[in-house]
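Working notes, beginning with the structure itself.
The values are calculated or read from the model by the stated rules, or taken from the named source; none is laboratory data. Keep in mind it's a predicted model, so treat the numbers as computed, not measured. Here the Cβ positions follow ideal geometry from the backbone for every residue, glycine too, while neighbour counts run over all protein chains shown. Remember, those area values only see protein heavy atoms, side chains included, never the ligands or the DNA or RNA. Shrake-Rupley method; radii C 1.70, N 1.55, O 1.52, S 1.80 Å.
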Amino acid sequence: MPSSSSRSPRGASGPARPVAPDDLRPESVVLVVGPEDLLAERAVAAVLAAAREADPGVTVEQIDAAGYEGGRLSLLTSPSLFGGGTVVVVEGVAAANDAFVTDALAYVAAPAPEVCLVLRHSGGQRAKALLDQARKAGAPEAVCAPITKDDEKLDFVAGEFRRAGRRASPQAMRALVDAVGSDLRELAAACRQLAEDAVGPDEGRIEADVVELWFGGRVEVTGFRVADAAVAGRAEQALSLLRHAIATGVDPVPLVAAVAAKVRALAKVQTASRGPSAAVAAELGMAPWQVDRARRELNGWTDEGLWHAIRALAEADTEVKGAGRDPVFAVERAVLTVATRRSG
């Protein structure tokens, strides 16, 4: 737990202290900021692991900032009769109510000894004054920004293999990014699967042919080609692409997921506030180009049409995961529903 030597002097000001999510450690106040949930979860886990290593009896408390009741922070950070440290993890700071912001501002100005306060903020302007005050006090900050650029994805994959104690060739990492795509959870899971199961731990680095063997269907590329055709209302093309993907061995589950991700993005942008792409992207946790593309693709879509498409995909998701008898029919029906719900 933080000692007096590890805390920044009260009232001190200074630049934010960026820290890699995996390297975040307990201090009086630590920040976990950004919309990428996987990185944020790892940052919080790193703090908890370090706190438990230092003090196996450490107490961990959780707070939901949106539903916070005034005074609870003071109660949880008060010295325990039994001694020992405390980690208080606050989720949802981006949606914090006024009571939490008031209590947290007062706390950051005078943090309690033997307590680590973790503030999880997914982005946006809400509670920004609280983040700024913590930064001025010298709080370390794990920045959990979306990973969208190709070189960033490749760096992430390389890091995942290092975490697992494995190596992969540049060609293998490129093939994996092409096959699995940009979803960090899926990339992390694919790396873990390859690291643990593809070859034995002493059989050298992972090569592109191994990736092709495991993920040769290029799920996201094929799935999102189906999605692009479906949301554009090109039913015949969408079904043709879908049937080709299934014939080449692509499982219906990720195909449904790809189309659903596309439709959810349209729905998010449809309901978002109007404004510049960059501002809407920050609000939704998307890239500006994704907002621009969604706005173009929304032509011909109504709120009712999106609702029917989302419901059809939710039903298909359940069926392809075991609740239905024919997963291929389920995904075809959902894709056809999406394509025909676009008007014009």
Handout entry: All positions within the stretch 157-189 that are assigned to a loop (DSSP other than H, G, I, E, B), under 22 Å from Phe224 (Cα atoms) and open to solvent by 20 Å² or more (accessible area, probe 1.4 Å)
Key = Ser182, Asp183
Handout entry: the stretch 274-287, residues that are more than 19 Å from Asp228 (Cβ to Cβ) and under 22 Å from the mean Cα position of the chain (by Cα)
Key = Ser277, Ala278, Ala279, Val280, Ala281, Ala282, Glu283, Leu284, Gly285
Practice task
Return the residue satisfying two criteria in turn: it lies in the stretch 290-307 and is among the polar types (S, T, N, Q) and surrounded by fewer than 15 Cβ atoms within 10 Å (Cβ to Cβ), and of such residues it is nearest to Ala227 (Cα to Cα).
Solution key: Asn299
Problem - Lone qualifier among Val253, Val269, Val280 - being assigned to a helix (DSSP H, G or I) and touching a residue at least 60 places away in the same chain (Cβ under 8 Å) - result: Val253
Exercise for the section: Within the stretch 130-156, work out how many residues are in a helix (DSSP H, G or I), of a type outside the set (Lys, Arg) and either within 26 Å of Pro288 (Cβ to Cβ) or open to solvent by 30 Å² or more (accessible area, probe 1.4 Å) (or both). Expected result: 9
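So that you can scan it fast, the table gives a plain yes or no per residue for (1) at pLDDT 95 or above; (2) touching a strand residue (DSSP E or B) at 6+ places or on another chain (Cβ under 9 Å):
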| site | (1), (2) |
| --- | --- |
| Pro140 | yes, yes |
| Cys144 | no, yes |
| Asp150 | no, no |
| Ala164 | no, no |
| Ala172 | no, yes |
Handout entry: Spans of strands (runs of 3 or more DSSP E) in the stretch 56-129 with at least 3 residues in contact (Cβ under 8 Å) with a residue 60 or more places away in the chain
Key = 115-121
Practice task
For the stretch 290-299, state whether one or more residues are under 18 Å from Ala339 (Cα atoms) and not in a helix (DSSP H, G or I).
Solution key: yes
